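Student: Handing you a structure now.
The values are calculated or read from the model by the stated rules, or taken from the named source; none is laboratory data. Remember, it's a predicted structure, so these values are computed and weren't measured experimentally. When we count neighbours, we look across all protein chains shown, and the Cβ atoms used for this are built from the backbone with ideal geometry, even at glycine. For accessibility, only protein heavy atoms count, side chains too; no ligands or nucleic acids. Shrake-Rupley method; radii C 1.70, N 1.55, O 1.52, S 1.80 Å.
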Amino acid sequence: MLIYIAEDDENIREIECYALKNSGYETEGFCDGAELMDALSQNIPDLVILDIMMPGEDGLSILKKIRNSDNLKNIPVMMITAKTTEMDKVKGLDTGADDYITKPFGVMEFVSRVRALLRRTSRQESENTLEYKNIKIDDKKHRVTVDNAECVLTFKEYELLKLLLSNQGIVLSREKIMNKVWGFEYEGESRTVDMHIKTLRQKLGDSGSEIKTIRNVGYKIG
């Protein structure tokens, strides 16, 4: 996992990087917010550790930029500061920080808090993600990718794929698909399901063949 650390105190930054590297993480350190934002425009890490008191823009301003960016807003952020007042912590958390630790802190506590935050955010991400081979749904972003390339689907195609991925290895009858995707009150014929399966397969490209037709029954994936 890659962790970015923005800390203007070189000694503290080096200690943080060293501690995390010894715990198996890849790290990159930055002395101010401008360097961090430039790096974020090139690559998205698994976690950002952000000091509040930095030259130029402070950490809270950088955090606001991260949370207001469509590409960066979901990155977990841990705030670090020498300030200890409750109001400073509230400001950081209200701005969108996922965790908060105050200086001075022990290295073991620091690493433990990083691990806990990464576990928590990884669990949340997995709950919002459905995958089968190279097909992936990020339900939080309502986004589908095939081989990491975005696949644009209509709302019903998306719901159909989501239903199939949520029931991997299970044969879904046309009637069940109709009920789940179109609703019990829908009075259309099951031919609608077949047509949507056809367009969904086309949009998934070679991966469309992963959706199997079970003759006289319905469809399944996996």
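Student: Can you tell me which condition Glu109 does not meet? The list is (1) closer than 30 Å to Arg143 by Cβ; (2) without any contact (Cβ under 8 Å) to a residue 12 or more places away in the chain; (3) of a type in the set (D, E, K, R), and all the others hold.
Tutor: With respect to (1) closer than 30 Å to Arg143 by Cβ; (2) without any contact (Cβ under 8 Å) to a residue 12 or more places away in the chain; (3) of a type in the set (D, E, K, R), Glu109 is out only on (1).
Student: Would you mind listing the strands (runs of 3 or more DSSP E) fully within the stretch 18-105 where at least 3 residues are without any contact (Cβ under 8 Å) to a residue 24 or more places away in the chain?
Tutor: 99-102
Student: While we're here: Suppose the filter is modelled with pLDDT of 85 or more, of a type outside the set (A, V, I, L, M, F, W, C), outside any helix (DSSP H, G or I) and within 15 Å of Lys203 (Cβ to Cβ); does Lys162 pass it?
Tutor: So Lys162 fails the test.
Student: Quick one: would you say Glu175 is in contact with a strand residue (DSSP E or B) (Cβ under 9 Å, 6 or more places away or on another chain), open to solvent by 90 Å² or more (accessible area, probe 1.4 Å) and without any contact (Cβ under 8 Å) to a residue 12 or more places away in the chain?
Tutor: Here the answer is no, as Glu175 does not meet what is asked.
Student: Here is a follow-up. Do you know which residues across the stretch 137-159 are in a strand (DSSP E or B) and of a type in the set (D, E, K, R)?
Tutor: Result: Asp138, Arg143, Glu150.
Student: With respect to Ser41, is the statement that it is open to solvent by less than 60 Å² (accessible area, probe 1.4 Å) and either modelled with pLDDT under 90 or out of contact with any Ser or Thr (no Cβ under 7 Å at 6 or more places or on another chain) (or both) true?
Tutor: So Ser41 does not fit the description; no.
Student: Ok, one more. Out of all the residues in the stretch 144-158, which are modelled with pLDDT of 90 or more and among the charged types (D, E, K, R)?
Tutor: Result: Asp147, Glu150, Glu157.
Student: Restricting to the stretch 5-28, what's the tally of residues that are buried (at least 17 other Cβ atoms within 10 Å of the Cβ) and under 22 Å from the mean Cα position of the chain (by Cα)?
Tutor: Going through the stretch 5-28 one residue at a time, the tally reaches 5.
Student: Mind counting the residues in the stretch 66-76 that are buried (at least 16 other Cβ atoms within 10 Å of the Cβ) and more than 13 Å from the chain's Cα centre (by Cα)?
Tutor: Within the stretch 66-76, residues that are buried (at least 16 other Cβ atoms within 10 Å of the Cβ) and more than 13 Å from the chain's Cα centre (by Cα) number 1.
Student: Something else: Looking at the stretch 97-129 only, could you name the residues that are over 24 Å from Leu2 (Cβ atoms) and surrounded by 12 or more Cβ atoms within 10 Å (Cβ to Cβ)?
Tutor: Passing the criteria: only Thr102.
Student: While we're here: For the list (1) exposed (fewer than 13 other Cβ atoms within 10 Å of the Cβ); (2) at pLDDT 90 or above; (3) farther than 21 Å from Ile137 by Cα; (4) of a type outside the set (A, V, I, L, M), I need the number of the one condition that Glu185 fails.
Tutor: Status for Glu185: all satisfied but (2).
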